[in-house]
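The values are calculated or read from the model by the stated rules, or taken from the named source; none is laboratory data. Quantities reported herein were computed from a predicted structural model and do not represent experimental measurements. All Cβ positions, glycine included, derive from the backbone under ideal geometry; neighbour counts span all protein chains shown.
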Amino acid sequence: MQSTSHSAAGSKDKNGLNRYHTLRGTNDADGSIHKQIHWNFSALNASPILADCVMADWHHQYNTEIGSLNQEGKRYMAHHDSWLDHLKSVLCEGILWKQQLKLGQTFSEIDPLNFQQTHEQFGMSWTPDTLRIKYNFDGRAVENPRTVSQNALNLASVYPRRLHLSTLSGKRTNFYTYLATAQKTKYAVVPIHTEEEFHLFNSSVSLNGNWFSPNGAPDFEGMAAWWSAKADGKNIFYKMHKHLESHYKKWTEKKQEKENLVNSLSQRKKNQERMQAPTYVSQVLDPFQFFDNDLTMK
C-alpha cells in the first residue's frame, strides 16, 4: 500500500524497485539540500549580505534543475541565466530562419520578469506589522529623507527583480542597513553582540536594574519594547524577546559559575596555594610500559 506521504517517481533503481518522492522532503532534505547548503557556506564565513546572495543563487539553480527533472523527466544540462534565455528568444524571433531553432523554452512576447511580483519575500524574513508595533521596531520618528545617508538602501536594491551578474558591484555595504531594509525595520534586529549591548543588558537585569527580577526571569516581552527605545542603529540594535531570553540563560549560567567559585574559595585555597608555591613539585606516575606477546617488557 502506497503511503500518502510519498508519490511514485516513475523510475526504478538498479535492483528493479520503484523509486518514490517523499512529500515531506525529510530524507531528501537531510541528505541533499542541507548537505549542499553546508558545502556552500563551510569555507565562506559569509556576511549576511553574501549569505543571502549565495542562498538566492542556490535556490534558483536547485529549483531549475529539480523542475526540469520533475516536469520533463530529464536532467537539466544548460546554464541558469533565465534572463539570457528570454533575451535570446527575443533576438531570434526577429530573424527569418530557414529552420526553426530549438531555444529550449516557449517564446513569449512578455518578459517573464515583468509579470506582477509576489508579495512573498524570500531570503531574509521581514518583520510582521504586529511584532513591529509590539516591540516598537519603528523607534523614534523617521529621519527626513534629505538627511538619510547615501548608504541607505531600499527593498528593490536588496531583492532586485533582475540579477544580471555583469552589473554586480564589489563595493562594501553596511550590513546593518542591509538587514534593517530586508526586515522592514528602522534598525536591524540582531542578537546581543556589541560591548554596549552586553553592558546595557547586564545593568538592566542586575540588582537595582530596570528589569531586575528577584524571583524568576524578567518579562522579556516588555524588555524588548523597552530595549527598542535605547537602540541607535550604531552600537545598540533591536531585539526580539527570544534574543533576550536566550542571552539571559547564558548570563545566568555565567553568574552561577562565578558565585560557585567565590563560595568554594576557602575550600580551594589550601590546594591553590600549594600548587602555586615556588617549591611545589608535582608527583607523576611512571610512563606506561608496553609488553610483547611473550609477556616480556620492552
## Note on the structure
Taking the range 221-244 and keeping only residues that are without any contact (Cβ under 8 Å) to a residue 40 or more places away in the chain and under 19 Å from the mean Cα position of the chain (by Cα), one is left with K242
#### Entry: Within the range 1-57, considering residues that are within 30 Å of A188 (Cα to Cα) and assigned to a loop (DSSP other than H, G, I, E, B), the one modelled with the highest pLDDT
S47
### Message
Can you tell me how many residues within the range 77-99 are aromatic (F, W, Y), within 21 Å of T64 (Cα to Cα) and exposed (fewer than 10 other Cβ atoms within 10 Å of the Cβ)?
### Response
0
### Task
Test N215 against the criterion of being assigned to a helix (DSSP H, G or I) and free of Cβ contacts under 8 Å to residues at least 40 places away in the same chain, and give yes or no.
no
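Restricting attention to the range 37-91, report how many residues are closer than 20 Å to S11 by Cα and small (G, A, S). Break it down into steps so the answer makes sense when it comes.
Residues of the range 37-91 that are closer than 20 Å to S11 by Cα, as a first pass: 65-77.
In the following step, the residues that additionally are small (G, A, S) were identified as 67-68, 73.
So the count comes out to 3.
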### Message
Which numbered condition in (1) farther than 25 Å from D138 by Cβ; (2) surrounded by 19 or more Cβ atoms within 10 Å (Cβ to Cβ) is the only one that F220 fails?
### Response
(1)
### Query
Of (1) out of contact with any Gly (no Cβ under 7 Å at 6 or more places or on another chain); (2) surrounded by 14 or more Cβ atoms within 10 Å (Cβ to Cβ); (3) at pLDDT 80 or above, L163 satisfies all except one. Which?
(3)
